[in-house]
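The structure appears right after this line, and notes come after that.
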Amino acid sequence: MGQIEIDEIYVGVNREGQQFIVPVQAKGGDDQLSIIQTIQDLACCREKFLMPTCRPISAQFMDDGVIAMFELREDEDIPRVAEEKHYKLVPFGDIDAKELEGYRAK
């Protein structure tokens, strides 16, 4: 397969004790996310780790401090977006006490 680039890799455990490998690719500026890189991430996880579940994540840094995050799943050997969420990074000081209290209540 050649060289594989994984920006970060994590091992996660859910509430039932199931372990996951979470490879992350992140792009910013003019760089674009790549389905080929996701396929390589999945292949690397299969070869290097004994854990059966790989949950690849892709993050695209966009304008105005927004990050688009995608969880991918294999569907007939093709990575597809399972979930997409957008987050805006803000300085902590820009969040008032009432907003923080609301986050704690959720």
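Rundown of residues vs (1) modelled with pLDDT of 95 or more; (2) closer than 22 Å to ASP30 by Cβ, yes/no style:
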{"position": "ARG46", "(1), (2)": "no, no"}
{"position": "MET51", "(1), (2)": "no, no"}
{"position": "VAL66", "(1), (2)": "no, yes"}
{"position": "ARG73", "(1), (2)": "no, no"}
{"position": "ILE78", "(1), (2)": "no, no"}
{"position": "HIS86", "(1), (2)": "yes, yes"}
{"position": "ASP96", "(1), (2)": "no, no"}
{"position": "GLU101", "(1), (2)": "no, no"}
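Counting only strands (runs of 3 or more DSSP E) that sit wholly inside region 5-106, not one has at least 3 residues that are on the phi < 0 side of the Ramachandran plot, in contact (Cβ under 8 Å) with a residue 40 or more places away in the chain and loosely packed, with under 11 Cβ neighbours inside 10 Å.
The values are calculated or read from the model by the stated rules, or taken from the named source; none is laboratory data. A quick note: this is a predicted structure, and the numbers were derived from the prediction, not measured. Note that we place each Cβ from the backbone using ideal geometry, even for glycine, and neighbour counts take in every protein chain shown.
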